[in-house]
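Step one of this worksheet: look at the structure below.
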């Protein structure tokens, strides 16, 4: 991500870079481009697509996908969501790396041992790093 443009879902946590949030932001920027034709936004779009394409390996655990670039494994919902979002990025940009990652991650989902390994790793992460619980009164 060195020198590239990263779109953060949670900007107050720099460096966390949640993959689905980044891709949703890219889609929003793409839609804005369709309406505005702003050349600066087109440049930002191209740069963030380049950065995302180069950063895909960070999100590949080789048996499942990571939710963020800090190595938190994606839950099944986010794993499936990211596969679908990468397919959309391929359709928008024609860049083969997005499709290749989607196909590879889909194969992880179909291999039972990968599913079990991902489940156990995710459970361990939940125990090791419990989320803050916020109670609303």
Inter-residue pairs, beta-carbon under 8 Å, first at pLDDT below 75 and in the range 1-15, second assigned to a loop (DSSP other than H, G, I, E, B) and loosely packed, with under 14 Cβ neighbours inside 10 Å, 6+ apart: 15/70
Tally, over the range 62-88, of residues that are touching a residue at least 60 places away in the same chain (Cβ under 8 Å) and under 11 Å from the mean Cα position of the chain (by Cα): 5
Helices (runs of 4 or more DSSP H) (entirely within the range 36-137) containing at least 3 residues that are in contact with a strand residue (DSSP E or B) (Cβ under 9 Å, 6 or more places away or on another chain) and either crowded, with 17+ Cβ neighbours inside 10 Å or at pLDDT 95 or above (or both): 76-93, 96-110
Residue check, residue 16 outside any helix (DSSP H, G or I) and closer than 29 Å to residue 107 by Cα: yes
Residue count for the range 10-35, restricted to those that are over 25 Å from residue 99 (Cβ atoms) and surrounded by fewer than 12 Cβ atoms within 10 Å (Cβ to Cβ): 6
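The values are calculated or read from the model by the stated rules, or taken from the named source; none is laboratory data. All figures in this text were calculated on a predicted structure; none of them were measured in a lab. Note: ideal-geometry Cβ built from the backbone for every residue, glycine included; neighbour counts use all protein chains shown.
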